[in-house]
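Here the structure is laid out as structure tokens; the discussion comes afterwards.
The values are calculated or read from the model by the stated rules, or taken from the named source; none is laboratory data. Please read all numbers here as calculations on a predicted model, not as lab measurements. Note that we place each Cβ from the backbone using ideal geometry, even for glycine, and neighbour counts take in every protein chain shown.
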Amino acid sequence: MSATAATLSHVYPLGSRVNEHGRLEIGGCDAVELVREFGSPAYLVAEDDLRARARTFADAVGARHADYDVLFASKAFPCTAVYRLLAEEGLACDVASGGELFLALRGGFDPARIYFHGNAKSAAELRDALAAGVGHIVIDSLDELELLERIAASEGGRRQEVLIRVTPGVAGDTHHAISTGQTDSKFGFSPPDARAAIERLAGAEHLDLVGLHFHIGSQLLELEPFRAAVRTIASLGDFPVYNVGGGLGVAYTASIQPPAVLDYVDAIVSTVHEELGADKRLLLEPGRALVANSAVTLYTVQTVKRNVSTWVAVDGGMSDNLRPMLYGSRYEAVVADRAIADANVRCHLAGKHCESGDVIVRDVWLADPAPGDVIATPVTGAYGYSLANNYNGVPRPPVIFCRSGDARVVVRRESYEDLAARDVG
Ligand code: LLP
């Protein structure tokens with residue numbers, strides 16, 4: 001049975017539509033015309049959608065809790081223009097490496113509102129963070145605690161505020177590679193080890209322990225694991241600051257029903273109030289739920305091969321979207337030139353890379369796909385750009401912000417020269 005796309009599914013960015021030419025329109029821009037102008041593949045970001053999601057999060061928490069911050073978990077889309085937009089929207093920021101810290105500062109985040117995560121931060125990264133005046137460092141191990149003490153002591157003896165990352169022993173239902181809250185994770189301290197670290201920090205000369213952090217995993221579609229994690233960290237003492245991580249799942253396809261942001265925030269805030277009190281500083285750090293649905297990727301069909309299956313091959317694939325290969329993630333796809341036509345051909349949407357596993361969407365229905373057609377895959381705003389690579393020497397795509405019919409390139413397409421730019425011999 002074929003699937004008829006009479007309207008776009010709700011997984012597309014807010015404001016997306018099929019225009020009078022029957023073509024997909026994102027942020028007021030015709031996707032087919034964008035490919036003519038800027039080429040493909042390309043990441044398109046609907047700027048208004050991204051701003052709206054940032055506001056939804058901040059308003060939801062602000063309506064329920066007095067002292068809070070929403071942190072952009074920037075690993076989801078570490079692009080200067082995205083940092084800049086979310087800084088403008090008043091968010092704070094989570095970075096997980098020196099490189100993300102560099103980009104967050106470049107994007108305009110106030111260092112005092114940056115939280116530095118990571119299970120293997122180097123001495124150089126910690127020194128850079130202190131030198132930049134990063135507000136909080138989230139300590140992940142005893143080795144890091146000792147290293148940071150030494151660095152803070154040598155940097156003029158200033159005091160650095162820190163949080164401790166706790167692994168609460170709660171596993172959400174998600175792909176094993178993106179589950180982090182379970183016992184024996186590589187991240188954070190188990191509750192007994194966290195107690196020891198808390199004791200250690202009580203006597204630390206240069207580090208001020210202000211609170212606890214957890215992040216139990218990503219693309220979580222149930223709320224109970226978040227509540228359970230709050231209950232676990234509540235047993236570790238009373239602190240002024242609690243950071244409950246990210247992890248809220250999104251709809252990659254119309255059949256996935258993630259909790260609404262309001263319900264997620266409700267569950268977190270009510271559990272925090274019950275278990276920790278209403279007077280705490282509460283930090284949330286969504287990545288995917290902020291940025292995933294705000295972007296689509298555009299490709300151009302190169303070949304259509306009728307074998308046992310129909311193979312529609314495009315000009316991108318695992319170099320711009322590694323998620324199907326890493327996590328078996330499923331996406332929707334549409335022929336942007338005929339976005340409301342009957343999706344009458346069952347096919348595999350394949351990438352251009354030299355691996356059989358480079359299939360963007362298996363068993364997807366497309367409307368008479370032919371070479372030259374533009375294909376759009378929605379929900380590529382999270383971890384598409386950040387996991388992009390140059391496999392097969394394929395240059396990485398541009399990022400194009402679309403708003404009210406205007407398109408502006410915020411990251412240019414990589415060139416072949418870029419591929420050789422680091423060669424020194
Ligand atoms: N906070 C911390 C400490 C994290 O490690 C993460 C994600 C987040 C927040 C944001 O989680 P989110 O709200 O995006 O679920 N590459 C994988 C996802 C890895 C997530 C890593 N940490 C993917 O493409 O699914």
Check the stretch 209-223 and report whether any residue there is more than 16 Å from the ligand (Cβ to nearest atom), more than 27 Å from the chain's Cα centre (by Cα) and in a strand (DSSP E or B).
yes
Criterion violated by ILE137 - all others in (1) touching a strand residue (DSSP E or B) at 6+ places or on another chain (Cβ under 6 Å); (2) modelled with pLDDT of 95 or more; (3) more than 14 Å from the ligand (Cβ to nearest atom) satisfied
(3)
Tally up the residues in the stretch 321-337 that are closer than 13 Å to ALA376 by Cα and outside any helix (DSSP H, G or I), please.
6
Can you pull out every residue in the stretch 362-384 that is surrounded by fewer than 24 Cβ atoms within 10 Å (Cβ to Cβ), touching a Lys or Arg at 6+ places or on another chain (Cβ under 9 Å) and part of a loop (DSSP other than H, G, I, E, B)?
ALA367, ASP368, ASP373
Would it be correct to say that GLY249 is within 15 Å of the ligand (Cβ to nearest atom), touching a Ser or Thr at 6+ places or on another chain (Cβ under 6 Å) and not β-branched (Val, Ile, Thr)?
no
Can you spot a residue in the stretch 64-81 that is free of Cβ contacts under 8 Å to residues at least 60 places away in the same chain and surrounded by fewer than 22 Cβ atoms within 10 Å (Cβ to Cβ)?
no
Within the stretch 4-122, considering only helices (runs of 4 or more DSSP H) that don't extend past its boundaries, which have at least 1 residues that are charged (D, E, K, R) and farther than 26 Å from ASP315 by Cβ?
47-62, 80-88, 98-106
Specify which of the listed residues (ALA66, ALA31, ALA87, ALA52) is more than 19 Å from the chain's Cα centre (by Cα) and assigned by TED's automatic domain parsing to the domain that holds GLU125.
ALA66
Restricting to the stretch 289-320, give me the number of residues that are in contact with a Leu (Cβ under 8 Å, 6 or more places away or on another chain), within 16 Å of ASP358 (Cβ to Cβ) and within 16 Å of the ligand (Cβ to nearest atom).
1
Test: ALA278 is surrounded by 17 or more Cβ atoms within 10 Å (Cβ to Cβ) and assigned by TED's automatic domain parsing to the domain that holds GLN182:
no
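Of all residues being of a type in the set (Val, Ile, Thr) and modelled with pLDDT of 95 or more in the stretch 185-216, which is nearest to PRO240 (Cα to Cα)? Just the residue, please. Quick ask: steps written out before the conclusion?
So in the stretch 185-216, the residues of a type in the set (Val, Ile, Thr) come out as 198, 210, 216.
Retained after the next criterion (residues that are modelled with pLDDT of 95 or more): 198, 210.
Numbers: ILE198: 14, VAL210: 6 Å.
So the residue we want is VAL210.
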Looking only at the stretch 181-208, and only at residues there that are among the acidic types (Asp, Glu) and assigned to a helix (DSSP H, G or I), the one that is farthest from the ligand (Cβ to nearest atom)
GLU199
Residues of the stretch 366-401 being on the phi > 0 side of the Ramachandran plot and more than 16 Å from the ligand (Cβ to nearest atom), which ones?
ASP368, GLY372, ASN392, GLY393
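Here's the yes/no breakdown for (1) touching a Gly at 6+ places or on another chain (Cβ under 8 Å); (2) aliphatic (A, V, I, L, M):
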position	(1), (2)
PHE72	yes, no
LYS75	yes, no
LEU85	no, yes
PHE116	no, no
Consider only pairs whose beta carbons are under 8 Å apart and that are at least six residues apart or on different chains; among these, list those whose first residue lies in the stretch 216-228 and is hydroxyl-bearing (Ser, Thr, Tyr) and whose second residue is assigned to a loop (DSSP other than H, G, I, E, B).
SER218/THR174; SER218/THR180; SER218/GLY246; SER218/GLY247; SER218/GLY249; SER218/GLY287
Is there any pair linking a residue in the stretch 167-185 that is over 17 Å from GLU222 (Cβ atoms) and touching a residue at least 24 places away in the same chain (Cβ under 8 Å) to one that is within 10 Å of the ligand (Cβ to nearest atom) and not acidic (Asp, Glu), with Cβ under 8 Å and at least six apart or on different chains, and which?
THR167/THR180; THR167/PHE187; THR167/GLY188; THR167/PHE214; ALA177/LEU326; ALA177/TYR327
